Amino acid sequence: MVDTGSHVVSCGRHADWRDDLAYLDCWPNSLQYTSMGAKPKVIVTRKLPEAVEARLRRDYEPVFNADDHVYSTDELIDLCDGAQALLPCHSEHLAAEVIARLPDSVKAIANFSVGVDHVDLEAARARNIIVTNTPDVLSDATAEIAMLLMLGAARRAAEGDRLIRADQWRLWSPAFMVGTQITGKTLGIIGMGRVGQVTARRARGFDMSIHYHNRRRVPAEIEQGALYHERLETLLGACDVLSLHCPASAQTRHLIDAKRIALLRPGAILVNTARGALVDDEALQEALRAGHVAAAGLDVFNDEPDIHPGYRALANTFLLPHIGSATRETRDAMGLRALDNLDAIFAGREPGDRVA
Ligand code: 8YV
């Protein structure tokens, strides 16, 4: 055990989780600064909540991003010179080429996000860089947005709002702004992870029956009576509303394509709070134009914020700018969770949310 002041690090060869990474070989060098009493230097790529920045100032040597712009790769690499960790958001694309250019001093990437599709985990593993995420703490906030999207899309909320703002509301009639009721309908969930489970719970409050597709069937206490579809295809034909909650990866890219959209019930509603990459934009827009998909509620997009312009032209889309986790409570919790992970790493412990 090496006592490095505030940071205590185990150097024994028995230090299990680091063995497979040959982590100890580079660890002592990286800790010279702590044994001299210096705090680890952390590059914080975006503006974080005050409580999170205060803790960073107290326990680390943070380098903040004064105007909150998105760093170019060159800027990021230059900033990382002499840094021990990076605290990025999903706005930073840490592709293999970027990770390959990080200085050797960088030992950890503590993400301010649950999704890690913006980080090449293989490349990080190859360089013995530990990567963490922030699960759990954003499930409630994201499930709230899933419900908002469901209701907003089904009840034409954005259309109604636009009409009033444009001072074009002239009449009421029984045929005016008629939407789809979600109460009592069937909700299909793709990805019964943390956010999917909370969304299912909230939807039950609207008497919705829950069907789901997941890599594996979840235990009965999580299912709460939800019907498991081993094949995605059978789920598609069974639901009135489809909500996406699975991670983006090479395997799930354009999971919702023209062929699968055709399997949805006519008049189905699609909701996406996960990642834009799950959806083939052209195919969804075609189905929205044809009315096969009655409406879509989207919080995430391909290439955001430069989203496919076709969505703006469609009246039956309810669009939000990736605000799934954007509550004060959740953003604080995400930042503090990222710091818990960093604290563990710099104390030589296994971080709670390690993904690489
Ligand atoms: C966050 C998200 O706002 O955590 C995620 O994966 O998609 C979000 O809701 C975002 O990632 C912050 O970096």
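Observations, loosely collected:
- Under 5 Å between amide hydrogens, built in the peptide plane, is the criterion, and for T186 it picks out S209, D240, V241 among residues at least 5 positions away or on other chains.
- nm² value of the averaged projected area, convex hull over the Cα atoms of segment 185-265: 4.9
- Amide H contacts for E61 (H built 1.01 Å from N in the peptide plane; partners 5 or more residues away or on another chain; cut-off under 5 Å): K41, V42.
- Rounded to the nearest 10 degrees, the angle from helix 50-59 to the longest Cα principal axis of the chain is 20 degrees.
- Residue order, fewest to most beta carbons within 10 Å, for M177, M208: M177, M208
- Rounded tilt (10° steps) of 328-346 against the dominant C-alpha axis of the chain: 30
- Legend: translational diffusion of segment 173-229 by Stokes-Einstein, Rh = Kirkwood radius over C-alpha pairs, 10 °C, 1.306 mPa s; D = 130 µm²/s.
- Cα centroid of segment 102-142 to Cα centroid of segment 322-356, whole Å: 10
- Relative to one another, the C-alpha centroids of segment 192-252 and segment 56-82 are positioned 39 Å apart.
- 37 °C / 0.692 mPa s Stokes-Einstein diffusion coefficient of segment 254-355, Kirkwood radius on C-alpha pairs, µm²/s: 209
- The stretch between V70 and A51, if pulled fully straight at 0.36 nm per residue, gains 4.7 nm over its current Cα-Cα span.
- Share antiparallel - DSSP beta bridges, the chain, percent rounded to 5: 10
- Sequence ranges 95-101, 167-173, ranked by mean other-Cβ count within 10 angstrom, highest first: 95-101, 167-173
- Between 0 and 90°, nearest 10: helix 194-204 axis offset from the chain longest Cα axis: 30
- Volume per residue that the Cα convex hull of the chain spans, once the total is divided by residue count, Å³: 154
- Length gained on full extension, D332 to D104: 79.1 nm, using 0.36 nm per residue less the C-alpha separation.
- Loop trypsin sites (Lys or Arg not before Pro), segment 242-338 (other Cβ atoms within 10 Å of the site Cβ: 13 or fewer; DSSP): none
- Per the Debye formula on identical point scatterers at the alpha carbon atoms of segment 139-319, with no solvent, log10 I(q)/I(0) at q = 0.10 Å⁻¹ is -0.37.
- Inter-label distance, R201 to R165: 3.3 nm, where each label sits 7 Å from its Cα along the C-beta direction.
- Cβ-based exposure ranking for L151, L255, L278, in which fewest neighbours within 10 Å come first: L151, L255, L278
- Full-stretch length increase - E282, D306 - with 0.36 nm per residue and alpha-carbon distance subtracted: 7.1 nm
- Residues whose amide H falls under 5 Å from that of A295, counting only those 5 or more places apart or on a different chain, are L270, with hydrogens built in the peptide plane.
- Within a Gaussian network of the chain (alpha carbon springs, distance under 10 Å), most fluctuating of G297, G160, G179: G160
Read-outs throughout are calculated quantities, based only on the coordinates presented, and are distinct from any laboratory measurement. Note that this is a predicted model, so its numbers are computed, not measured. Every residue, glycine among them, receives a Cβ derived from its backbone with ideal geometry; neighbour counts consider all protein chains shown.
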